[in-house]
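Asks: This is the structure I want to talk about, given as structure tokens.
Only the coordinates and a few stated rules stand behind these numbers; no lab work does. Predicted model only: the values in this text are computed from it and were never measured. All Cβ positions, even for glycine, are placed from backbone atoms using ideal geometry, and neighbour counts span all protein chains on display.
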Amino acid sequence: MAFLKYKNSFIIAEAGVNHNGELRKAFELVDIALDCKADAIKFQTFKASEITTRYNKNLEYVDNDDKTSNYDIINKLSLRFEDFKKINEYCKMKGILFLSTPDGTESLNYLTDKLDVPIIKIGSTEITNIEFLNEIAKKNKPLILSTGLSSLEEVKKAFNSIKKHNKKEICVLHCTSEYPAPINEINIKAMLTIKKELNCSVGFSDHSIGNEASIAAITLGADVIEKHFTIDKSLDGPDHKASMCPDELKDFVFSIRQTEKLLGSGIKEPTKSEIKNLPGIRRGIVAAIDIKKGTTIKKNHLSFKRPFVGINPEESKGMIGKKIKIDLKTDQPILWKYFD
């Protein structure tokens, strides 16, 4: 079940807030995603007041001196709505799909009504925010829904609520919301559970270190893969350390595409490269001893050796009792035209 009829998996290079609130860095991230051959680059469009209160405690994975509130951190990492217009235009000029996650009604309306984003990506934070999910659904655009921190029942409730208002395709991403996510908590098979329960496109939002988790997801049928990346892991900010640097992202996308080639079509048949090897690998029917013209063939006259020249060993029974019309030397391949 491909997502939006993409031939291969849809790879999202997740820039998130790794621009650190600087438009110049956002453009640089676009260039990196394009160079790495991702299908889309995704940002987060928000105002701090849409996400958090000024009393919000700092998250454990965010390095902080405890003097700066989470509100101030988020505010510092935000870009202006007008900046996203410029990023969207830059993406169109460069030839890569622009996506962004809205974190409130204002952000949603700007992305859909002003920028007309082709797909809405919904973050894991909104799974239980049914009212906002319904707002998003009513935009009637294809959706990608992340499900970190969620139980299956919560995912089903969110999905079913969205489906009441949205007739477009929905892809549900399995996700572990830890940065970086421990390997033993990735649980890729949960993606299959989601697919079975919801009968929808599924994918994986990968917060782990390395390529292995996403490659595993691809082998299990992920339609969408999302991975965080950054310009430089040493930059200040909450997500840089758990993100891929440009070279890692390039290798990541390449590994995903190679894995898709390895998986193939699923049809079991000889490949083009195998066919040329068939004569040298398969056994054919040959003379076990010297055989004189006019001899009636018996089982002990036949042997099965390489090369294969047109008759499979299983067809040898049809030769028994027939007369040969030429002299044959030991190990000479036997063909049907040699019989009366």
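Asks: Need one number: nm distance between label points at K323 and N160, each 7 Å from Cα along Cα→Cβ, rounded to one decimal.
Replies: Rounded to a tenth, the inter-label distance reads 8.1 nm.
Asks: How high is the relative contact order of the chain? Use alpha-carbon pairs under 8 Å, at least six apart in sequence, and give a whole percent.
Replies: Reported as a whole number, the value is 15 percent.
Asks: Please list, in chain and number order, the residues 5+ apart from S150 or on another chain whose amide H is under 5 Å from its amide H, with Hs placed from the backbone.
Replies: Amide H neighbours of S150: none.
Asks: Give me the percent relative contact order of segment 72-212, please, defined on Cα pairs under 8 angstrom at least 6 residues apart.
Replies: The value is 17 percent.
Asks: Which of the listed residues, G321, I144, V224, is farthest toward the dipole's positive end in the chain, when Lys, Arg count +1 and Asp, Glu count -1 at the beta-carbon?
Replies: Positive-most Cα among the choices belongs to G321.
Asks: With both partners inside the chain, how many of the DSSP beta bridges are antiparallel, as a percent to the nearest 5?
Replies: Antiparallel bridges make up about 20 percent of those DSSP assigns within the chain.
Asks: For labels at K305 and T219 in the simple 7 Å Cα→Cβ model, what's the distance in nm?
Replies: So the two model labels end up 4.1 nm from each other.
Asks: Between E153 and E314, what is the FRET efficiency for a Förster distance of 56 Å, r being their Cβ-Cβ separation, to the nearest 0.05?
Replies: 0.50
Asks: What whole-number distance in Å separates the alpha-carbon centres of segment 28-46 and segment 161-232?
Replies: When both Cα centres are located, 18 Å separates them.
Asks: List the equivalent ellipsoid semi-axes of the chain in whole Å, largest first, each obtained as the square root of 5λ for an eigenvalue λ of the Cα gyration tensor.
Replies: Semi-axes, largest first: 61, 21, 18 Å.
Asks: Kindly provide the trypsin sites (Lys or Arg not before Pro) of segment 281-313 that DSSP labels as loop, not H, G, I, E or B, and whose Cβ sees at most 16 other Cβ atoms within 10 Å.
Replies: R282, R283, K292, K293, K298
Asks: On full extension of the chain, what length is gained from E260 through N199, given 0.36 nm per residue of separation minus the C-alpha to C-alpha distance?
Replies: Full extension from E260 to N199 adds 19.8 nm.
Asks: Next question, about the same structure. Separation between the K189 and I289 pseudo-spin-labels, each 7 Å from Cα along Cα→Cβ, expressed in nm?
Replies: Going from the K189 label point to the I289 one covers 6.0 nm.
Asks: How many angstrom lie between the C-alpha centres of segment 295-333 and segment 236-286?
Replies: Cα centres, segment 295-333 to segment 236-286: 41 Å.
Asks: Let's test the formula: R0 of 30 Å, r as the Cβ-Cβ distance of D236 and K138. What FRET efficiency results, to the nearest 0.05?
Replies: 0.20
Asks: Using the beta-carbon distance between I281 and N8 and R0 = 41 Å, what value does 1/(1 + (r/R0)^6) give for FRET efficiency, to the nearest 0.05?
Replies: Given R0 = 41 Å and the Cβ-Cβ separation, E is 0.80.
Asks: Assigning unit charges at the beta carbon (Lys, Arg +1; Asp, Glu -1) and nothing else, what dipole magnitude in debye, to the nearest 20, does segment 7-263 show about its Cα centre?
Replies: Taking the Cα centre of segment 7-263 as origin, the dipole is about 1000 debye.
Asks: Find, among the trypsin sites (Lys or Arg not before Pro) in segment 126-224, those assigned to loop by DSSP (not H, G, I, E, B) with at most 11 other beta-carbon atoms within 10 angstrom.
Replies: K167
Asks: Could you list the chymotrypsin sites (Phe, Trp or Tyr not before Pro) in segment 1-49 that lie in coil according to DSSP, counting only those with at most 15 other Cβ atoms within 10 Å of their Cβ?
Replies: Counting only loop positions with at most 15 other Cβ atoms within 10 Å, the chymotrypsin sites (Phe, Trp or Tyr not before Pro) in segment 1-49 are Y6.
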